[in-house]
């Protein structure tokens with residue numbers, strides 16, 4: 001089962017904005033797309049770079 005860790009309030013990430021957070025040993029990017037939030041690992045998918 002997935003685990004959740006609070007890193008920000010909804011109001012901390014404005015629509016159209018992306019912010020990065022360190023969670024454990026990963027950097028997670030969270031974006032707000034018109035009120036919908038998406039989280040992903042903050043690294044280049046083809047070179048595995050930040």
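Of the options (i) 68; (ii) 48; (iii) 64, only one is percent of Cα pairs over 15 Å apart as computed from these coordinates, and that is (ii). Ranked by how many other Cβ atoms sit within 10 Å of their own Cβ, fewest first, the residues 40, 21, 4 fall in the order 4, 40, 21. Under the simplified labelling scheme, the residue 39-residue 10 pair shows an inter-label distance of 1.6 nm, with each label point 7 Å from Cα along Cα→Cβ. Neighbour counts of other Cβ atoms within 10 Å put 44, 31 in the fewest-to-most order 44, 31. Per residue, the average separation of C-alpha pairs within less than 8 Å and at least 6 apart gives the chain a relative contact order of 24 percent.
Taken together, the values in this text are just the output of simple stated rules run on the coordinates, not laboratory data. On a predicted model such as this, the values are computed, not experimentally measured, just so you know. Neighbour counts run over all protein chains shown; Cβ positions are idealised from the backbone, glycine included.
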